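> I have a structure I would like to understand better, so I am pasting it below and will then ask my questions one at a time.
Here, each number is a calculation from the coordinates, and none is a lab measurement. Being a predicted model, the structure only gives us computed values, none of them experimental. Neighbour counts run over all protein chains shown; Cβ positions are idealised from the backbone, glycine included.
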Amino acid sequence: MRSLKNKIAMQIKLTDILVFKTNIKHKKQLNEIRRHIDTQPQIVKWNVDFHDIDKILRIESLDLRPATIESLMQKAGYYCEELKD
């Protein structure tokens, strides 16, 4: 029984949720952003909250540093700053 639990635990990948303030204004910008985000295989899921005044970018990732996302977004031409807890 113990070895089964260990196998299951090893198969579960824990994700980090990273939250950023951005200057993304329009949904049509998401295709451009997607091209940059898709270069990071550690990103599991992402979305932008257009209803929030800070246009929040939320990223679920496997072991990805916030600075990587900030740099990636800046290269794409967008402001991006991590919001810490």
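> Which residue pairs have Cβ atoms under 8 Å apart, sit 6 or more places apart or on different chains, and have a first residue in the range 65-85 that is under 17 Å from LYS25 (Cα atoms) and a second that is in a helix (DSSP H, G or I) and of a type in the set (Val, Ile, Thr)?
Close Cβ pairs satisfying both conditions: MET73/ILE33; ALA76/ILE33; TYR78/ILE33; CYS80/ILE69.
> Would you tally the residues in the range 34-83 being under 8 Å from the mean Cα position of the chain (by Cα) and among the small types (Gly, Ala, Ser)?
1
> Can you name every residue in the range 17-40 that is loosely packed, with under 15 Cβ neighbours inside 10 Å, over 14 Å from LEU72 (Cβ atoms) and not aliphatic (A, V, I, L, M)?
Result: ASN23, LYS25, HIS26, LYS27, LYS28, ASN31.
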